[in-house]
Structure formats: C-alpha cells, structure tokens
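Below is one structure, written out as structure tokens; comments come after it.
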Amino acid sequence: MRIVPLFALLAAAPAIAEVKSASPAGFETVSVLTIAAPPERVYAMLGEPARWWNKAHTYSGDANNLTQDLRAGGCFCETIPAERATIEHSRVVYAQPAKTLRLHGALGPLQQEGVSGALTWALKPVAGGTEVTQTYVVGGFVRAGADKLAPIVDRVMAEQLKGLQAPLAKP
C-alpha cells in the first residue's frame, strides 16, 4: 500500500507555512517546500492540477475537473459537467518555465468577496531538487475581515503545495 510511504515522504520534507502579514483588508501567506524533482518537472506538474490539487477544495468535488494552462492568459479553471457550470479560479499573468508561475484570482470562498489575489510559485534549483516558494497575497474587502480567513487559507495553500510534491515523488 502506498499510503505509508507517501506520509513518510511528506514528513521528510515539511512545508514551512506562515501568515506573513494580515489585516482586515488583506493578508500574505508563504509556504516553502523542497521537492525531489528538477524545476522543469515541478513547473510542468503545476499545469496538471488534477494530479495534485485536493478534491476537497474544488467546487465539483473532483480534481479531475481542474485544468491549468501554463501561459499568460491561461486559466486555472474547473468544470462541473453535471451542472454545465464552469469556474475560473484564477488567470496566469506571468509564466516563465522552470522558474515562476503567477496567477491572479480569488480562490475558493474568496471568490464571493471583493478581493484580488496574486498566487506565485517561485522555483529554485537546490541540492536534491527544487525549492518551491508559494506566496498568496490577497487584498480588498472581506465582509468578515481578511485577517480572520488568513490562517485557514494558509493551511489550505500549504496542503496544496504538499499535494504538488506527491506525484513528483513517484518514478
């Protein structure tokens, strides 16, 4: 069974996640993780969210409905086929293969608020693979206060980064 080795792998390279700053008007979360794969493979995997994004954090309940086009203007989108619905989670604004991918958009419940978010994955080759720094900066109006959502978003985003690591650990 692959469950034990996967948990062992995730424990071996923990993500460092933190809310860097937060106020009622916005927040910044940062997660850092070293993945045992070259930057080219990590970057390519960013374009396959169906393989690593947690289905619990989708509208459809199925990560297979997620797509990500790795070019400026590309959509991180989701479909709900049974409802004939489509969702744009964010849009690529900067794509530099094997180095940086930046998207703008409000993820999950933030879509219902008056906010904008910048999600960046910065890739850096290091001994043993690639250091991935994932930063999500959100600003605008959140009815309950963005600072109250920051720790929740931080946990979810750190979980997604760990998810990115899992398929890259397989040969």
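The values are calculated or read from the model by the stated rules, or taken from the named source; none is laboratory data. All values derive from a computational prediction rather than experimental measurement. Cβ sites come from the backbone with ideal geometry, for glycine too, and all protein chains shown count toward neighbours.
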Does the stretch 134-147 contain any residue that is farther than 11 Å from S31 by Cα and part of a helix (DSSP H, G or I)?
yes
Give me the residue from the stretch 14-25 that is of a type in the set (A, V, I, L, M) and either more than 16 Å from the chain's Cα centre (by Cα) or surrounded by 15 or more Cβ atoms within 10 Å (Cβ to Cβ) (or both) and, out of that set, farthest from P97 (Cα to Cα).
A25
The stretch 49-70 - residue that is in contact (Cβ under 8 Å) with a residue 24 or more places away in the chain and over 19 Å from A106 (Cβ atoms) and, of those, nearest to the chain's Cα centre (by Cα):
W52
Could we say that E28 is modelled with pLDDT of 95 or more, more than 17 Å from P167 (Cβ to Cβ) and surrounded by 14 or more Cβ atoms within 10 Å (Cβ to Cβ) here?
yes
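Please find, among G73, G105, the residue that is more than 14 Å from L33 (Cα to Cα) and over 15 Å from the mean Cα position of the chain (by Cα). Lay out the reasoning, then the answer.
Values: G105 fails: over 15 Å from the mean Cα position of the chain (by Cα).
When all the criteria are applied, what remains is G73.
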Assuming A12 fulfils every condition listed in (1) modelled with pLDDT under 95; (2) small (G, A, S); (3) at positive phi apart from one, which condition is it?
(3)
Within the stretch 126-167, which residues are surrounded by fewer than 20 Cβ atoms within 10 Å (Cβ to Cβ), under 16 Å from the mean Cα position of the chain (by Cα) and acidic (D, E)?
E131, E159
